[in-house]
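Colleague: Supplied in structure tokens, the structure appears directly below.
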Amino acid sequence: MSAPPPPGVRVLPVDVWSDIACPWCYVGKARLDAAIAAVEASPVNGQAVAVQVTWHAYMIDMRTKRQGEPYLAYNQRRWGGDGWTTSLRRSGARSGLKFADWQWWPNTLHAHRLVHAATKHGKGSEAKQRLFEMTYEEGRNVSDARELAAAATALGLTHIDSAAYFESEEGQQEVLEDDAYGKKELNITGVPFFIVNKKYSIAGCQETAAFKQVFEKALAN
């Protein structure tokens with residue numbers, strides 16, 4: 001659980017549905033983070049603001065092989081190639097993302113288990129960022145239980161920092177239910193998808209300015 005904010009600080013909740021296997025979600029997180037930094041640096045009506053992000057599981061392709069698939073092979077199978085990533089990489093570069101070493105298209109069921117477990121210890125955003133970096137900047141396969149255990153260790157989550165945990169089914173049902181809720185109850189058909197203050201939705205990888213505008217609208221009410 002996240003620590004409660006200091007007295008006098010207004011909390012702005014943001015719920016995010018995203019997938020580690022969605023590169024646009026990586027870009028979207030960078031833009032969201034920039035908007036959060038901006039709003040938290042500037043009091044609204046004299047009141048400080050703390051944005052609290054909750055990450056929800058969403059698996060865009062549940063047919064991905066359990067062990068993940070090589071980057072180019074997956075792209076060729078689904079789209080005939082990776083030409084579509086050119087605009088993605090350009091957009092990411094504007095947010096400081098390099099996509100320096102992207103070698104795998106992961107099956108993210110167990111990566112979402114890590115994020116859920118981290119969220120219970122106030123480290124959901126840290127876990128999400130680490131998994132994105134491993135996937136798109138470090139050429140690592142976050143379908144691999146050993147890689148996830150290493151990430152858990154780096155995050156200080158010693159209760160789940162073993163391959164045996166990620167090879168088990170502990171916490172798996174929670175992730176599947178979270179994924180199903182977004183798809184069936186909220187009718188989310190694509191990610192990233194954001195709900196600000198339980199009321200205002202933002203679909204897709206919007207620019208930082210769009211997040212700031214919605215934050216300002218939510219804080220004005």
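No value in this document is a laboratory result; all are computed from the given coordinates. Treat the numbers as computed from the prediction; the structure is a model and nothing was measured. Neighbour counts run over all protein chains shown; Cβ positions are idealised from the backbone, glycine included.
Colleague: Please pick out the residue among Thr119, Thr54, Thr86, Thr108 that is surrounded by fewer than 17 Cβ atoms within 10 Å (Cβ to Cβ) and closer than 28 Å to Asn197 by Cβ.
Modeller: From the options Thr119, Thr54, Thr86, Thr108, the qualifying one is Thr54.
Colleague: Still on this model: Name the residues in region 199-221 that are in a strand (DSSP E or B), touching a helix residue (DSSP H, G or I) at 6+ places or on another chain (Cβ under 9 Å) and either among the hydrophobic types (A, V, I, L, M, F, W, C) or over 30 Å from Arg10 (Cβ atoms) (or both), would you?
Modeller: Correct list: Ile202 only.
Colleague: While we're looking at this one, here's another question. Scan region 17-29 and tell me whether some residue there is buried (at least 19 other Cβ atoms within 10 Å of the Cβ), in contact with a helix residue (DSSP H, G or I) (Cβ under 6 Å, 6 or more places away or on another chain), closer than 30 Å to Lys199 by Cα and of a type in the set (Gly, Ala, Ser).
Modeller: There is at least one residue in region 17-29 that is buried (at least 19 other Cβ atoms within 10 Å of the Cβ), in contact with a helix residue (DSSP H, G or I) (Cβ under 6 Å, 6 or more places away or on another chain), closer than 30 Å to Lys199 by Cα and of a type in the set (Gly, Ala, Ser).
Colleague: Return the total of residues in region 177-198 being more than 29 Å from Arg94 (Cα to Cα) and touching a helix residue (DSSP H, G or I) at 6+ places or on another chain (Cβ under 8 Å).
Modeller: The qualifying residues number 2.
Colleague: Here's something else I'd like to know. Answer yes if at least one residue in region 204-212 is touching a Leu at 6+ places or on another chain (Cβ under 7 Å) and either in contact (Cβ under 8 Å) with a residue 40 or more places away in the chain or under 17 Å from Gly28 (Cβ atoms) (or both), and no otherwise.
Modeller: yes
Colleague: Given (1) surrounded by 13 or more Cβ atoms within 10 Å (Cβ to Cβ); (2) closer than 16 Å to Val53 by Cα, where does Ser201 come up short, assuming only one miss?
Modeller: (1)
Colleague: When you scan region 126-155, how many residues do you find that are part of a helix (DSSP H, G or I) and either of a type outside the set (Lys, Arg) or in contact with a Gly (Cβ under 8 Å, 6 or more places away or on another chain) (or both)?
Modeller: Residues flagged as part of a helix (DSSP H, G or I) and either of a type outside the set (Lys, Arg) or in contact with a Gly (Cβ under 8 Å, 6 or more places away or on another chain) (or both) within region 126-155 amount to 18.
Colleague: Now for a separate question. Report, by residue number, each residue of region 190-205 that is in contact with a strand residue (DSSP E or B) (Cβ under 9 Å, 6 or more places away or on another chain) and closer than 20 Å to Met59 by Cα.
Modeller: Matches in region 190-205: Gly190, Val191, Pro192, Phe193, Phe194, Ile195, Ser201, Ile202, Ala203, Gly204.
Colleague: For region 149-180: of the residues being among the polar types (S, T, N, Q) and more than 23 Å from Pro192 (Cβ to Cβ), which is surrounded by the most Cβ atoms within 10 Å (Cβ to Cβ)?
Modeller: Of everything passing the filter in region 149-180, Ser162 is surrounded by the most Cβ atoms within 10 Å (Cβ to Cβ).
Colleague: Against the definition (under 23 Å from Leu32 (Cα atoms) and touching a Leu at 6+ places or on another chain (Cβ under 7 Å)), how does Leu186 come out, yes or no?
Modeller: In short, no.
Colleague: Out of the residues in region 57-83 that are of a type in the set (Phe, Trp, Tyr) and under 22 Å from the mean Cα position of the chain (by Cα), state the one that is surrounded by the most Cβ atoms within 10 Å (Cβ to Cβ).
Modeller: Ranking the candidates gives Tyr58 first.
Colleague: Next question, about the same structure. Please specify each residue of region 156-185 satisfying the condition of being assigned to a loop (DSSP other than H, G, I, E, B), touching a residue at least 40 places away in the same chain (Cβ under 8 Å) and not small (Gly, Ala, Ser).
Modeller: Leu157, Glu170
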